[in-house]
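Chemist: Sharing a structure here in structure tokens format.
The values are calculated or read from the model by the stated rules, or taken from the named source; none is laboratory data. Because the structure is predicted, anything quoted here is derived from the model rather than measured. Positions of Cβ are generated from backbone atoms using ideal geometry, with glycine treated the same way; all protein chains shown enter the neighbour counts. What goes into the accessible areas is simple: the full protein's heavy atoms, side chains included, and nothing from ligands, DNA or RNA. Shrake-Rupley method; radii C 1.70, N 1.55, O 1.52, S 1.80 Å.
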Amino acid sequence: MTVIEKNVCCTPSEMSSEAFTLGPLQLGPPCCDPEPHIQIKNLSLSYADKTALSGVSLDIYRGCITALIGPSGCGKTSFLSSLNRLTDMIAGCKIKGEILVDSVNVHAANTDVQALRRRIGMIFQKPNPFPLSIRRNLEMPLKEHGIRDRYVLSHRVEKALTDVGLWDEVKDRLDSPALALSGGQQQRLCIARALVLEPEILLMDEPCSALDPLSSAVVEDLIKSLRGRYTVVIVTHNLAQARRIANYAGFFWMQERTGTLIEFGRCQQIFEAPAHQLTAAYVSGARG
Amino acid sequence: MFKINQLIASVLMLAITSLTYAADQKLVLTGSSTIAPLAVELGKRFEKLNPGVRVDVQSGGSSRGVSDARSGLADIGMASRALKDEEKDLKSFTIALDGIGVILHKDNPVKTLTDQQVIDIYTGKITNWRDVGGKDGRITVVNKAEGRSTLELFTHYYKLKNSDIKAQVVIGDNQQGIKTVAGNPGAIGYVSIGTAEFESGNGTPIKLLPMEGVAASVENVRNGSFPLSRPLNLVTKYVPMGLVKQFIDFTRSKEVADLVEAQYFVPLPH
Amino acid sequence: MDNSHQAYGQLMAWKRDHLMTLFIWLAALMVAGAFLWLLGDLLVHGATHLSWSFLVDAPENAGRAGGIGSIIVSTLLILTVAMLAAVPLGLATAVLLTEFISATSRFGRLIGMSLDVLAGVPSIVFGLFGNVFFSVYLGLGFSILSGGLTLACMALPIFINTAEAGLRAVPDEWRAGAAALGLSRGAALLHILIPAAAPALTAALLLGVGRAMAETAALIFTSGYVDRMPSSLMDSGRALSVHIYDLSMNVAGGDANAYASALILIVLLMIINGIAQSLSEKLLQRRIITA
Amino acid sequence: MSRSRTDQPLISVLAISAVIAAAILLLILLFLLRESWPVLNKVGILRFFTDDGWYPLEARFGLAPMLWATLAVGIGAVLVATPLGLAATLFTRFYAPRWLALPFQRMVALLAGIPSVVFGLWGLTVLVPFIAAFEPPGASLLAGILILTIMILPTIALTADAALAAVPEHYLRGSAALGFSRATTILGVLLPAAKAGITGGILLAAARALGETMAVLMVAGNVVQTPTSLFDPIRTLTANIALEMAYATGDHRASLFVSGLMLMGLVLVLAMSASRLGGGRLHG
């Protein structure tokens, strides 16, 4: 077993090499002193007739990118949706165990789900901008969360679009339909739409898999640039991508007809020195 | 937002004012569909002469008109027949006369039928025109639906029970009868004489048969010689007073004879 | 042997294909024939009576003369009342059925089932009900309000069903996207789902209007027979279809105007169709481009 | 379900609306029962089936012949309209030349909007005399079936069109790739794939046929009898109400409400069988 250096995932040189557009870091250097942002304790998730996940426990660290890898159908998306309680929308979905965000259980009965989801943004596999103008896509969620000041609105719209590198591309046609954008632009708009609410956590469900390679690269760079500012949990099938962008990685696998977390650790460790045989086989491309 | 509020407010205002708006005085007439078109025209002229008064006419049937007048649902009931014995507690006022005549298709060579022949045809004893001097062909008996006063008058005149009649077509209103007979050379029916005269005069292929040797014509209804005629009545529960009296007097006056004739009925003699 | 079998099979398939083509062309011809016959009949008998004054004048001499101005106004008022009552109620029910309760839940099944039955209730039964409930029990009398509310009951199940289908056709990604942004269900409906379903909702409205406009049986006993220009919703008002029925069945010499009124009714329907269609298309263009 | 506090008032409003919408049916049944109660109480429901003849003024209340007539005219119309309606849809989708397809479809849609009174008028003045020339009286079960066919055909055609539009494109491509003929593609692939939607449309059309009043009243002859041939005049339950309602009082009126109840019974049976038939729904 290789000894893993403590700060290996985020050397200062790597940090400075990134071309950030996001301004100064708001948090200390990520991962150097890992502090759990979300703690998942013995999470099980079942739909009406089958168990999708069982016994998942892990900590997700503040300011880091955590990649979830594994074959299709082993519960990664269900896991992701349980973090912002989007599983509530699925009839018959039951959850056991605890999910603590900043030590507060999100599945408690008295949770304000809408406030929770404002703190935890989500990006979907297929870009899903609303059938509205580009501007309305960003303004509408803000207005719904009580921000009505025109100056604040336009300022935050511009900032979010700048953050995702879309501002220059769309600033002259903010009132044209969002669905007229290209796939990659749409996905960046969706990320902007999540960012505009200034969340702490971003959940991403295979955000690049529906995009062509070029758009995919742009979005990937964007995600990488979020490191340090947001806690990102990303599901991906692209192992190379996970390796390129993530600080931590978790490997899911089907065992006894239910999804389980096989191994969780630093990204480099998972890919270079997996502790579990299944992980080793999967990351080497032998299985799955 | 402001605009929408304004819009809603104005719509509400409109609704409220229109709901509360009502004419000063309103007369409601219900009953006989035969009289209804005439009553509408009478009402219109009455409204013109008496501003502020509204006359609402609802079509139904004679029995309905009688029961609505009795229950007070209507100020005036319309009945295209004389009151029956059990209805004699009500007051009736004749505003016009109408005759009921038997009609055949124009191409039917039969020129006349005796009362007995009509009875035999309607009770199904005679089913072929050959038996009454016509061409070989099945007779299509056209009867009115139960409850219509035309039917009651017809069965009463021929001393028939409705359940004795073997009809091939049962119709509702008058024009359906004319259209049915006009479309079927073997058909026999009975309808209001005035309208039948008008229709045959305008090229509809029907003809009226004489009854007891008297030609079925508006003229013979007017002079009282045609045996199967009926009064068109307005019916009230009490002795008319005020507006009701004013309206009934108006409808029985000479001034409305043109309206009565325009609906192919016979005005009262003056 | 095998070869001839195959050839036979091919021949049969060829024959079947051609028989089918023949049948379909014949059927289409028959349908078109019946339609053109009907329309031609209407045009021949009614077209000469059409004029601007026919549209705006009040009926005279029991409808034989004059126009149908007041009848058109009554008809439109009845329709407006019907739609004002049916659309909010129907939209709310459709939203509940699609967005909030599952169709298999007991409540969902109960509502779905009763709407199914309601959709099949004959119009004449609606007429009986409307007469007894709105006109007599609620004391609205023979009035545009009674007629409109009766039609609302009639159009409701069709409207709900079509609106339901439209809402269900809105992609789930938008629901998930809205929820993930912490939007309330109400906000998601108002800003995204209902606008996205607008074309289907318009179609639903059209179906409702179409059914209501062509209705005779339910209106005779509720909105009544008075052909005067209505001055309030509590006035009795004769609908176009009732007018056509009375002219053709009860008024000697009323046929020509009956045919002309029927033509107007059809044209009105076409206009309403056209307006609604272009409205929903415009809405679609403004808000949605499906790339 | 996510029931955040802000959604609760909305859900209440929606639930109330849905309950009102569903309650209309209950109200209808209730009021029909209330109005027919006097006569049901007096002579009992059974006599409406067993009495011979419908002479309510002579206290004979036999509705059974009208029930059979209603069924006969409804089923007949559905049997004729289904192949024609499907053919009309297939014509616009696959057979019509491009310039004709859209006008034809518009025409069918317009046919759906023509009021029943107009069909009735046309039937009375054109169709009935036509039939009478061969087999008097002309006003008959056949005339009713034909008029109803034209009336419900657009319903079948339009719903079938929607159902066919929903058949995934790749079915068609798959069939074409296998070298199937057009007829085989339609009969073997398309129609089976769209079966649920088409069945729904047919049931909807059946409900329309059973419930149609004015047109049938004008062409079917309205004689109360159990039909034994296509040329027999018949009276349907709906026509019975429309013909006599305006004139009826007392027991006669109450027994017309019994006709209404009987119609509701028919619709209930139809709706039940619709939900039996693989979840097909009765409306649209």
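Chemist: For residues that are open to solvent by 10 Å² or more (accessible area, probe 1.4 Å) and of a type in the set (Gly, Ala, Ser), scanning just the stretch B:187-224, find the one that is farthest from the other protein chains (Cβ to nearest Cβ).
Modeler: Restricting to residues being open to solvent by 10 Å² or more (accessible area, probe 1.4 Å) and of a type in the set (Gly, Ala, Ser), the top hit is B:Gly213.
Chemist: Take C:Phe54 and tell me if it is facing chain D (nearest Cβ under 7 Å) and among the aromatic types (Phe, Trp, Tyr).
Modeler: When the stated conditions are applied, C:Phe54 does not pass them.
Chemist: Test each condition in (1) surrounded by fewer than 17 Cβ atoms within 10 Å (Cβ to Cβ); (2) more than 17 Å from A:Met122 (Cβ to Cβ); (3) at pLDDT 90 or above for A:Glu198 and report the one that comes out false.
Modeler: Against the list (1) surrounded by fewer than 17 Cβ atoms within 10 Å (Cβ to Cβ); (2) more than 17 Å from A:Met122 (Cβ to Cβ); (3) at pLDDT 90 or above, A:Glu198 comes up short only on (2).
Chemist: Quick check on this structure: which one of D:Ala163, D:Ala88, D:Ala112, D:Ala157 is under 24 Å from C:Leu219 (Cβ atoms), away from chain B (no Cβ under 14 Å) and either in contact (Cβ under 8 Å) with a residue 24 or more places away in the chain or open to solvent by less than 20 Å² (accessible area, probe 1.4 Å) (or both)? Don't jump to the end; show me each part of the working.
Modeler: On the way: D:Ala163 fails: under 24 Å from C:Leu219 (Cβ atoms); D:Ala88 fails: under 24 Å from C:Leu219 (Cβ atoms); D:Ala157 fails: under 24 Å from C:Leu219 (Cβ atoms).
Only one candidate passes the filter, namely D:Ala112.
Chemist: Run B:Val170 past the list (1) surrounded by 21 or more Cβ atoms within 10 Å (Cβ to Cβ); (2) assigned to a helix (DSSP H, G or I); (3) among the β-branched types (Val, Ile, Thr) and report the number of the one that doesn't hold.
Modeler: The failed condition is (2).
Chemist: State the number of residues belonging to the stretch D:122-153 that are under 19 Å from the mean Cα position of the chain (by Cα) and assigned to a helix (DSSP H, G or I).
Modeler: The qualifying residues number 14.
Chemist: Further question on the same structure: For the stretch D:163-176, which positions are aliphatic (A, V, I, L, M), part of a helix (DSSP H, G or I) and at pLDDT below 80?
Modeler: D:Leu172, D:Ala176
Chemist: To continue, here is another question. Within the stretch B:24-59, track down each residue that is open to solvent by 30 Å² or more (accessible area, probe 1.4 Å) and in a helix (DSSP H, G or I).
Modeler: Those that are open to solvent by 30 Å² or more (accessible area, probe 1.4 Å) and in a helix (DSSP H, G or I): B:Lys44, B:Arg45, B:Glu47, B:Lys48, B:Leu49.
Chemist: Given the conditions (1) on the phi < 0 side of the Ramachandran plot; (2) of a type outside the set (Phe, Trp, Tyr); (3) surrounded by fewer than 16 Cβ atoms within 10 Å (Cβ to Cβ); (4) touching a residue at least 40 places away in the same chain (Cβ under 8 Å), and given that B:Gly72 satisfies all but one, which numbered condition is not satisfied?
Modeler: Going through the list (1) on the phi < 0 side of the Ramachandran plot; (2) of a type outside the set (Phe, Trp, Tyr); (3) surrounded by fewer than 16 Cβ atoms within 10 Å (Cβ to Cβ); (4) touching a residue at least 40 places away in the same chain (Cβ under 8 Å), B:Gly72 breaks only (1).
Chemist: Checking C:Leu36 against (1) open to solvent by 10 Å² or more (accessible area, probe 1.4 Å); (2) in contact (Cβ under 8 Å) with a residue 60 or more places away in the chain: exactly one of these is not met. Which one?
Modeler: (2)
Chemist: Answer with yes or no whether D:Ala207 is modelled with pLDDT under 90, within 7 Å of another protein chain (Cβ to nearest Cβ) and either out of contact with any Lys or Arg (no Cβ under 8 Å at 6 or more places or on another chain) or surrounded by fewer than 24 Cβ atoms within 10 Å (Cβ to Cβ) (or both).
Modeler: Yes.
Chemist: Related question: Tally up the residues in the stretch C:134-148 that are within 10 Å of another protein chain (Cβ to nearest Cβ) and open to solvent by 30 Å² or more (accessible area, probe 1.4 Å), please.
Modeler: Final tally of qualifying residues: 4.
Chemist: Further question: Pick from the stretch C:1-33 the residues that are open to solvent by 100 Å² or more (accessible area, probe 1.4 Å) and more than 11 Å from chain D (Cβ to nearest Cβ): which of them is nearest to D:Pro103 (Cα to Cα)?
Modeler: Of everything passing the filter in the stretch C:1-33, C:Tyr8 is nearest to D:Pro103 (Cα to Cα).
Chemist: Applying the selection to the stretch B:124-155, what residues are over 22 Å from D:Ala132 (Cβ atoms), assigned to a loop (DSSP other than H, G, I, E, B) and open to solvent by 30 Å² or more (accessible area, probe 1.4 Å)?
Modeler: B:Lys125
Chemist: Still on this structure: Residues that are among the hydrophobic types (A, V, I, L, M, F, W, C) and more than 21 Å from the chain's Cα centre (by Cα): list the helices (runs of 4 or more DSSP H) wholly contained in the stretch A:234-288 that include at least 2 such residues.
Modeler: Where helices (runs of 4 or more DSSP H) fall fully within the stretch A:234-288 and carry at least 2 residues being among the hydrophobic types (A, V, I, L, M, F, W, C) and more than 21 Å from the chain's Cα centre (by Cα), they are A:277-283.
Chemist: Quick one: which of B:Ser80, B:Ser62 is modelled with pLDDT under 90, in contact with a helix residue (DSSP H, G or I) (Cβ under 8 Å, 6 or more places away or on another chain), open to solvent by less than 10 Å² (accessible area, probe 1.4 Å) and of a type in the set (S, T, N, Q)?
Modeler: Values: B:Ser80 fails: modelled with pLDDT under 90.
Exactly one of B:Ser80, B:Ser62 is modelled with pLDDT under 90, in contact with a helix residue (DSSP H, G or I) (Cβ under 8 Å, 6 or more places away or on another chain), open to solvent by less than 10 Å² (accessible area, probe 1.4 Å) and of a type in the set (S, T, N, Q), namely B:Ser62.
Chemist: While we're here: Look at the stretch D:34-63 and say how many of its residues are among the charged types (D, E, K, R) and under 21 Å from D:Thr226 (Cβ atoms).
Modeler: Residues that pass the stated criteria total 5.
Chemist: Here is a follow-up. Considering every residue within the stretch C:155-172, establish whether at least one is surrounded by 23 or more Cβ atoms within 10 Å (Cβ to Cβ), over 19 Å from D:Ala207 (Cβ atoms) and touching an Asp or Glu at 6+ places or on another chain (Cβ under 9 Å).
Modeler: Scanning the stretch C:155-172 turns up no residue that is surrounded by 23 or more Cβ atoms within 10 Å (Cβ to Cβ), over 19 Å from D:Ala207 (Cβ atoms) and touching an Asp or Glu at 6+ places or on another chain (Cβ under 9 Å).
Chemist: Just for helices (runs of 4 or more DSSP H) wholly inside the stretch C:143-191: which have at least 1 residues that are of a type in the set (Ser, Thr, Tyr) and under 27 Å from C:Ala82 (Cα atoms)?
Modeler: Ranges flagged: C:144-168.
Chemist: Being of a type outside the set (Asp, Glu), at pLDDT 90 or above and either under 30 Å from A:Gln114 (Cβ atoms) or open to solvent by less than 20 Å² (accessible area, probe 1.4 Å) (or both) is the requirement here; does C:Ser184 meet it?
Modeler: no
Chemist: Could I ask something else about it? Residue by residue through the stretch C:220-245, note down the ones that are open to solvent by less than 20 Å² (accessible area, probe 1.4 Å) and either facing another protein chain (nearest Cβ under 7 Å) or free of Cβ contacts under 8 Å to residues at least 12 places away in the same chain (or both).
Modeler: C:Gly224, C:Tyr225, C:Val226, C:Asp227, C:Ser232, C:Ser236, C:Ser241, C:Ile244, listed by residue number.
Chemist: Of the conditions (1) closer than 30 Å to C:Thr21 by Cα; (2) at the interface with chain C (Cβ under 9 Å from one of its Cβ atoms); (3) surrounded by 24 or more Cβ atoms within 10 Å (Cβ to Cβ), D:Thr238 satisfies every one except a single condition; which number is it?
Modeler: (1)
Chemist: Restricting attention to the stretch A:69-95, which residues are assigned to a loop (DSSP other than H, G, I, E, B), within 14 Å of chain D (Cβ to nearest Cβ) and either farther than 16 Å from A:Phe124 by Cβ or of a type in the set (A, V, I, L, M) (or both)?
Modeler: Those that are assigned to a loop (DSSP other than H, G, I, E, B), within 14 Å of chain D (Cβ to nearest Cβ) and either farther than 16 Å from A:Phe124 by Cβ or of a type in the set (A, V, I, L, M) (or both): A:Ile90, A:Ala91, A:Gly92, A:Cys93.
Chemist: Another question, if that's okay. For the stretch B:204-234, which positions are assigned to a strand (DSSP E or B) and touching a residue at least 24 places away in the same chain (Cβ under 8 Å)?
Modeler: Passing the criteria: B:Ile206, B:Lys207, B:Leu208, B:Met211, B:Ser229, B:Arg230, B:Pro231, B:Leu232, B:Asn233, B:Leu234.
Chemist: Can you tell me which condition D:Ala101 does not meet? The list is (1) within 25 Å of D:Leu148 (Cβ to Cβ); (2) open to solvent by less than 60 Å² (accessible area, probe 1.4 Å); (3) more than 9 Å from chain C (Cβ to nearest Cβ); (4) of a type in the set (A, V, I, L, M), and all the others hold.
Modeler: Unmet condition: (1).
Chemist: Name the residue that is surrounded by the fewest Cβ atoms within 10 Å (Cβ to Cβ), counting only residues in the stretch A:132-183 that are of a type in the set (Lys, Arg) and part of a helix (DSSP H, G or I).
Modeler: A:Arg150
Chemist: While we're here: If D:Glu35 satisfies every condition in (1) open to solvent by 50 Å² or more (accessible area, probe 1.4 Å); (2) within 14 Å of chain C (Cβ to nearest Cβ) but one, which is the exception?
Modeler: Answer for D:Glu35: the failing condition is (1).
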